[in-house]
Amino acid sequence: MSNPQIEIQLIAVVVAVACAIPGVFLVLRKMSLISDAISHSILPGLVLGFFITQDLNSPLLIILAAFTGIITVVLVEWIQKTGLVKEDTAIGLVFPALFSVGVILIAKNANDVHLDVDAVLLGELAFAPFDRLMVSGMDVGPKSLWMMGLILVITVTLLLLFFKELKISTFDVGLSSALGFSPAILHYGLMSISSVTVVGAFEAVGAILVVALMIAPAATSYLLTSNLKKMLVLSVLFGVFSAITGYWVAHWLDASIAGSISTMLGLVFLIVYLFAPSKGLIAVVYRQKQQQIEVSLLTFLLHLNNHTEENERHLNHLREHINWQKIKAKSVVDLAVRNNLIVINNQVVSLTEKGNDFTSIALDYIITNKDEKIEHLKDDFFLFRG
Amino acid sequence: MNLKNIIVFLVVLTMVSCNNKTEDSGKLSIVTTTTMLTDLVKNIGGDLIEVQGLMGAGVDPHLYKASEGDVAKLANADVIFYNGLHLEGKLVDVFEKMGSSKNTVSLGAVLPKEELIGSEYFASNYDPHVWFNISFFKQFANTVRIELSKVDPSNAAAFKENEKQYLMALDALEASVNTKIETLPEEDRVLVTAHDAFNYFGKAYGFNVVGLQGLSTATEAGVQDVQRLSQFIIDNKVKAIFVESSVPRRTIEALQAAVLSKNHEVVIGGSLYSDALGSEGTVEGTYIGMFTYNVNTIVNALK
């Protein structure tokens, strides 16, 4: 593995971690779109920076871009505070407005300069190792690695210092102001960090990858846990994993690195979405099936409870009477037998003592409108699941 | 504990992937951007060097996106030749920044500024499609030879000989192009194409060149552009308009439709190679073949 290859992966990993941390909070606060919004709303900052310095490569452009990013966040917050529109609507209102200010400024004053977000900011990960940082004539590594490393250190320091405050203000604004932290200051602090991270990462790796690295790992880990600490750790892991495997996929296919990393992020999300233990698609479908059968079981038991006459409790009759298909009937009866709720003598089904108790308590709950208590009943009677 | 896991994971992955070494043939490794430059450097260097072009046939240099393989090519290159004059977009900045640690050569930069066509929109920018002037391309050849000789002085004589051969071939090309274009009456020399790639060509051979889009293929032609240009075609009785290999046909077909709707006849005279050569191995895959093909296509369609 050659030097630039190692450096690209290092940059990708640092950017992934730096994006994953604010990403978790953005996703939890339902503001994940803000990273995409910032990618557009920084244009007026770039244009103003260019007017002041007359130089497309000046660092002032990036500083002003980050500043416009913060303005975006403040405006979004401000519109949303009015309570008249939701978060996503507020974001949708602010960034086109700022972007068009930038477009008008260019059209009016700088039409003969190749000035757009693409030309000034959007980096390409493949070329990042070739833009070196020189300190007194010494080559100390790629510029973007140092820049993103610095942003990452700041982010992690602030996260460690204000973890408790961030946690409370994210989940319970009321409590956090009651405890004396200002949710507004924390919010703006977090958003400023996000804005600086987004702008810095744009310069290093390009827009699409930044948006993907901010949102996808957080969204993926949210499927697996609702514990904030675990979510942060998992997001970082998913981000780093996708960055490195994505790089090697790009190597193998000789394709765009940013594109491959984004694809990996999408794949990881898809796999977790399908297989996550409690929120995953397969788990949900399985649980729904289970609940269906449990409802059928209850219906069946109530039916037995209602009918003392033998012909009503004959196995063949049951199928006709409750109108079940053969397979379903069999699985319900099997479940009932396995749980010792019924006994079958000469094709006639009767409730056992346990079955009787269970059914009458369940019936009580249904009559008194406490359906939700039936779920606990299953634990009390040590019932098997479907 | 998780940070430890990440570090272990990284270290293992790094070690696993450390053992794929690139083999070194001992030849100079040269990277070029566009297909024109790849062809040129191959002609000067011959078998003595290893040339790798970043952009393939039919790739639009304005819109080129890097792939992972390009990283290794750039990292291992002894010399990188690029067109410059903003042709390669953001890549030009990358090469300029790389200049401190690598030998990067902008061929466009060696041309005298006063001979370049300035852009009407970009104050300090020039039209980058300089290879359509054969005498500029000869200067490119000379610069490539000098740069190659600098990094590999032991083969300087061979490079010099190759350059001599190639310049003779370019002289022959110039002569044949001139005779071909002579057959076209001067008032018929109007070249309508998808984007402004042929200004140097027009200046050298007395063509009035009109592009539907501006210099950059990243911009889109507006409805007004199409209307204005279709009127121009009718007023000047232009017989044929041309599509380009690296630009979608759609815009030129829209232009043709606009002219036809005004009850005038204009044909699509063929597809010209503008920002990239034809596929490697074909005649149009070389600069000389491409130039001959373009001139024949233009002259035959406009006659």
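What the table shows:
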{"read-out": "Options A:Leu190, A:Leu175: the member that is of a type outside the set (Ser, Thr, Tyr) and free of Cβ contacts under 8 Å to residues at least 12 places away in the same chain", "value": "A:Leu175"}
{"read-out": "Restricting the range A:246-270 to residues that are touching an Asp or Glu at 6+ places or on another chain (Cβ under 7 Å) and among the small types (Gly, Ala, Ser), the residue that is surrounded by the fewest Cβ atoms within 10 Å (Cβ to Cβ)", "value": "A:Ala255"}
{"read-out": "Test: residue in the range A:207-230 that is of a type in the set (Val, Ile, Thr) and more than 20 Å from the chain's Cα centre (by Cα)", "value": "no"}
{"read-out": "Any hit, the range B:184-207, residues being aliphatic (A, V, I, L, M), under 20 Å from B:Lys262 (Cα atoms), modelled with pLDDT under 90 and not in a strand (DSSP E or B)", "value": "no"}
{"read-out": "Residue match in the range B:265-273 (condition: under 22 Å from B:Asn83 (Cα atoms) and either assigned by TED's automatic domain parsing to the domain that holds B:Ala169 or crowded, with 17+ Cβ neighbours inside 10 Å (or both))", "value": "yes"}
{"read-out": "Test: A:Thr170 is in contact with a Lys or Arg (Cβ under 7 Å, 6 or more places away or on another chain), in a helix (DSSP H, G or I) and in the same structural domain as A:Val14 (by TED's automatic domain parsing)", "value": "yes"}
{"read-out": "Subset of the range A:228-240 (residues that are over 10 Å from A:Val17 (Cβ atoms) and at the interface with chain B (Cβ under 8 Å from one of its Cβ atoms))", "value": "A:Val233"}
{"read-out": "Index of the failed condition, B:Gln52 passing every other in (1) free of Cβ contacts under 8 Å to residues at least 24 places away in the same chain; (2) within 29 Å of A:Thr245 (Cα to Cα)", "value": "(1)"}
{"read-out": "Selection from the range A:24-56 of residues that are in contact (Cβ under 8 Å) with a residue 12 or more places away in the chain and not in a helix (DSSP H, G or I)", "value": "A:Arg29, A:Lys30, A:Met31, A:Ser32, A:Leu33, A:Ile42, A:Leu56"}
{"read-out": "Matching entry among A:Ile52, A:Ile11, A:Ile21 (being assigned by TED's automatic domain parsing to the domain that holds A:Ser194, within 24 Å of A:Ile215 (Cα to Cα) and more than 15 Å from the chain's Cα centre (by Cα))", "value": "A:Ile11"}
{"read-out": "Residues of the range A:158-178 satisfying the condition of being loosely packed, with under 13 Cβ neighbours inside 10 Å and either over 20 Å from A:Cys19 (Cβ atoms) or over 23 Å from the mean Cα position of the chain (by Cα) (or both)", "value": "A:Leu161, A:Lys164, A:Gly174, A:Leu175, A:Ala178"}
{"read-out": "Residue in the range B:148-165 that is over 18 Å from B:Thr38 (Cα atoms), away from chain A (no Cβ under 14 Å) and buried (at least 20 other Cβ atoms within 10 Å of the Cβ) present", "value": "no"}
{"read-out": "Candidate set: the range A:88-114, residues that are over 17 Å from A:Asp36 (Cβ atoms) and under 34 Å from the mean Cα position of the chain (by Cα); chosen: the one modelled with the highest pLDDT", "value": "A:Val101"}
{"read-out": "Residue count, the range A:124-149 (criterion: loosely packed, with under 14 Cβ neighbours inside 10 Å and either part of a helix (DSSP H, G or I) or under 25 Å from the mean Cα position of the chain (by Cα) (or both))", "value": "0"}
{"read-out": "Residue within the range B:80-91 that is away from every other protein chain (no Cβ under 14 Å), of a type in the set (A, V, I, L, M) and either touching a residue at least 60 places away in the same chain (Cβ under 8 Å) or buried (at least 18 other Cβ atoms within 10 Å of the Cβ) (or both) present", "value": "no"}
{"read-out": "Extreme residue, modelled with the lowest pLDDT, among residues of the range B:210-250 that are closer than 16 Å to B:Phe291 by Cβ and not in a loop (DSSP other than H, G, I, E, B)", "value": "B:Glu244"}
{"read-out": "Members of the range A:154-212 that are of a type in the set (Ser, Thr, Tyr), under 24 Å from A:Ala37 (Cα atoms) and in contact with a helix residue (DSSP H, G or I) (Cβ under 6 Å, 6 or more places away or on another chain)", "value": "A:Thr155, A:Ser169, A:Thr170, A:Ser192, A:Ser194, A:Ser195, A:Thr197"}
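Condition check ((1) surrounded by fewer than 18 Cβ atoms within 10 Å (Cβ to Cβ); (2) free of Cβ contacts under 8 Å to residues at least 40 places away in the same chain; (3) in contact with a strand residue (DSSP E or B) (Cβ under 9 Å, 6 or more places away or on another chain)) across all residues:
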| residue | (1), (2), (3) |
| --- | --- |
| B:Glu174 | yes, no, no |
| B:Val177 | no, no, no |
| B:Glu187 | yes, yes, no |
| B:Asn208 | yes, yes, yes |
| B:Gly211 | no, yes, yes |
| B:Gln231 | yes, yes, no |
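The values are calculated or read from the model by the stated rules, or taken from the named source; none is laboratory data. Only a predicted model underlies this, so the values are computations on that prediction, with no experimental measurement involved. A quick note on method: Cβ atoms are made from the backbone with ideal geometry, for glycine too, and the neighbour counts reach across all protein chains shown.
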